[in-house]
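The values are calculated or read from the model by the stated rules, or taken from the named source; none is laboratory data. All of these numbers come straight from a predicted model, not from anything done at the bench. In this analysis, Cβ positions are derived from the backbone assuming ideal geometry, glycine residues included, and neighbour counts consider all displayed protein chains.
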Amino acid sequence: MKKCEIFSKGIIKENPVLVLLLGTCPALATTTGVVSALAMGIAATAVLFCSNIVISMLRKAVPDKVRIPCYIVVIAGFVSVVQMLMHAYFPDLYDMLGVYLALIVVNCIILGRAEMFARKNGVIDSALDGLGMGIGFTLALVLMASFREVIGAGTWAGIEIPVIKDYAVSIMTASPGGFLAFGCLVALVAKITSGKAPAKKSFSCEGCPNAAACNKESCETDVKEESK
Amino acid sequence: MKENIKSVVVLTAICLVVAVLLAYTNSITAPIIAENQAAAANESLTIVMPDATGFEDLTPSLTLPETVTGVYKETSGLGFVMLVNATSDYSGGNPMTFTVAIDATGTISAVELTGYYDSKDFGPDYPQSYVGQNSTLADITLVAGCTYSSVAFKDSITSAFNVLIENNLVAEAQKSEEQLISEALPLALSGCVNATNIPIADPIEGFSDPITQAYKAKNNCGYIYVMNGGSYGSVIVGINAFGVGRVYSLDGSDITADCAGLIETAAAANPVIATANLEANTATVAACFEEGAVVTPVENLGGFEDVTAAFTVTVGEETQYAVITQPLGYGDEAMKMLTIFNANGEIVVYKTLTELILHGEYYSAHELTDEGAYRAQFVGLSESTYSDDMTLVAGATMTANAVASNFNSAFEAFNLIKEVVG
């Protein structure tokens, strides 16, 4: 796979939020405003980029049976670093993101990319994959937040939009609005990609951290049927 | 085996490296975070003291009451900022919180309410009425209809002042005589004092020296007089429903032993309440017994709680003791109750002579569905087996407090009657 393709696939073709449907929890929780969505996206990108590099570097040294604990320690370490830096230098954003910043540790995208890509590829490819996926995650969040903030509050990144401000539909900034925006964007991306995405193999049993524990046969059957 | 050891070593090594990375990051960010937090804390203090240049946290070095959570000294000497909270019966577990700025002369310069959860709102103007007040809080009036919350607020401000005064940080302001009298009034006749320590009494006009002020308790438990006490200055005299009195000086000392003459004068100033209502109360007690019971009023009974009448009742060879009380309940309304004891001090009758739960007290879904069963649970109890917890009624705290007050007063009266009549 070409380096350019590795980097770009996470942006639309395999967008982690809108195609692979990973990281849904922060996508719904932090997209009430563009600023918080952007902050969450950048924080997750930083963790994804760094953890992909380190996990790729360690891929030959880490025994298979302890790879998940090792990945979790690395990811948690980077999340804590990001958290401390944000607390020190961007306290307002830190307060805005609250518990969701710490919850990046359990974001499926991070562990998913470590397991599916970084442990099988070189450092540069893994770094590009992490960066691409992170940018894809950030774009999805900002897009979703823009949709919700403009319609729900009549503002964009806190800037008032005349006319729309007077007709804001406040439910869009509440939980139901999050699901509505998410559904609309997923449908839009499916339409744009004409059903060619997702590439099922990249997120089916082959790359799944739980593959050993689950019923592989029925799981893969479900995935195949869904992708049809 | 070899693979297991390798797994342990690798995982441990990764943990160590990550720990070192985190420790290094923490060493860089911790001071910045601490600085940010101090700046944020100072910002909240600056709201009430905008000209402040900085604050020194005195909290760790002072012993603080529960109502004061922080004391900060402005570094250029402008004064103090205190974080205060107050809890009333309407707080529902969430205290109201506020920040008070007190200048170096001991005068409140600003009050900022930061959290208000009471179910009754005393409004935004009430906290601002404290600005300009010194430690006497002389010009503060309570908010009608929101007494409990406003009293809690006032008490918390007083406790904040006390912290500064006790630690010699500001000087105590001198209270006027009028203020000292109003604070001493509850001491003389505790039976007419409500849960917020305010005597519920009506003023009586038409008295001359040495009586300067006179009040009759709304619940008929006695009178309060402000009198000229000679060398003591103004004194507070309480006369209970049986004409027995006690005297307090304005500094809160019991000076009854030195003021027998004042008590005599005060007792003669108005009719003895128990005697004035004798006929009706006797009929009430007699109605609880079969014909032939001899109901005899007890005279000169001591005690300054809410007892308004007491009787001995002889039925054949047995003597029982009836006590009528009028504790203050919901809305400071008097609730008339009758408790009858046998010779062993066990309750044989407990009756409410007015409505038990006054209309409007319940504010939740909880209700006292069976008042008869509620009253019956007290029959058979004595002073040693009774507990205030038994009176609790969910959603009707004021009534429960009144019932508890009734039993405590009645047990005290029973013991006094036994001393008087044997």
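Points worth noting:
- When the residues of the stretch A:96-142 are filtered to those that are more than 13 Å from the chain's Cα centre (by Cα) and of a type in the set (Asp, Glu), the one that is nearest to residue A:181 (Cα to Cα) is A:115.
- Residue check, residue A:82 within 18 Å of the chain's Cα centre (by Cα) and within 14 Å of another protein chain (Cβ to nearest Cβ): yes
- Test: residue in the stretch A:85-102 that is more than 9 Å from every other protein chain (Cβ to nearest Cβ) and within 27 Å of residue B:8 (Cα to Cα): yes
- Filter pass, residue A:23 being under 30 Å from residue A:171 (Cα atoms) and in contact with a helix residue (DSSP H, G or I) (Cβ under 7 Å, 6 or more places away or on another chain): yes
- Test result for residue A:24, over 15 Å from residue A:117 (Cα atoms), surrounded by fewer than 19 Cβ atoms within 10 Å (Cβ to Cβ) and among the polar types (S, T, N, Q): yes
- Test set (1) assigned by TED's automatic domain parsing to the domain that holds residue B:153; (2) touching a Leu at 6+ places or on another chain (Cβ under 9 Å); (3) surrounded by fewer than 17 Cβ atoms within 10 Å (Cβ to Cβ) - residue B:61 fails condition number: (2)
- Candidates A:75, A:68, A:53 - the one that is buried (at least 23 other Cβ atoms within 10 Å of the Cβ) and within 14 Å of another protein chain (Cβ to nearest Cβ): A:75
- Residue list for the stretch B:1-39, restricted to those being among the basic types (Lys, Arg) and more than 8 Å from chain A (Cβ to nearest Cβ): B:2
- Boolean, residue B:116 is more than 14 Å from chain A (Cβ to nearest Cβ), buried (at least 17 other Cβ atoms within 10 Å of the Cβ) and more than 30 Å from residue B:144 (Cα to Cα): no
- Number of the condition not met by residue B:314 [criteria: (1) outside any loop (DSSP other than H, G, I, E, B); (2) surrounded by fewer than 17 Cβ atoms within 10 Å (Cβ to Cβ); (3) within 28 Å of the chain's Cα centre (by Cα)]: (3)
- When residues of the stretch B:86-102 are limited to those that are in a strand (DSSP E or B) and surrounded by fewer than 21 Cβ atoms within 10 Å (Cβ to Cβ), the one modelled with the lowest pLDDT: B:97
- The lone exception for residue A:178 - which of (1) without any contact (Cβ under 8 Å) to a residue 60 or more places away in the chain; (2) under 16 Å from the mean Cα position of the chain (by Cα) it fails: (1)
- Residues that are part of a loop (DSSP other than H, G, I, E, B) and of a type in the set (A, V, I, L, M, F, W, C) within the stretch B:31-79 comprise B:47, B:48, B:49, B:52, B:58, B:62, B:64, B:78, listed in sequence order.
- Number of positions in the stretch A:17-37 that are under 13 Å from residue A:182 (Cβ atoms) and assigned to a loop (DSSP other than H, G, I, E, B): 9
- Applying the criterion of at least 2 residues that are more than 30 Å from residue B:223 (Cβ to Cβ) and over 22 Å from the mean Cα position of the chain (by Cα) to the helices (runs of 4 or more DSSP H) found wholly in the stretch B:103-200 leaves B:125-128, B:147-166.
- Scanning the stretch A:142-149 turns up at least one residue that is at pLDDT 90 or above and of a type in the set (Val, Ile, Thr).
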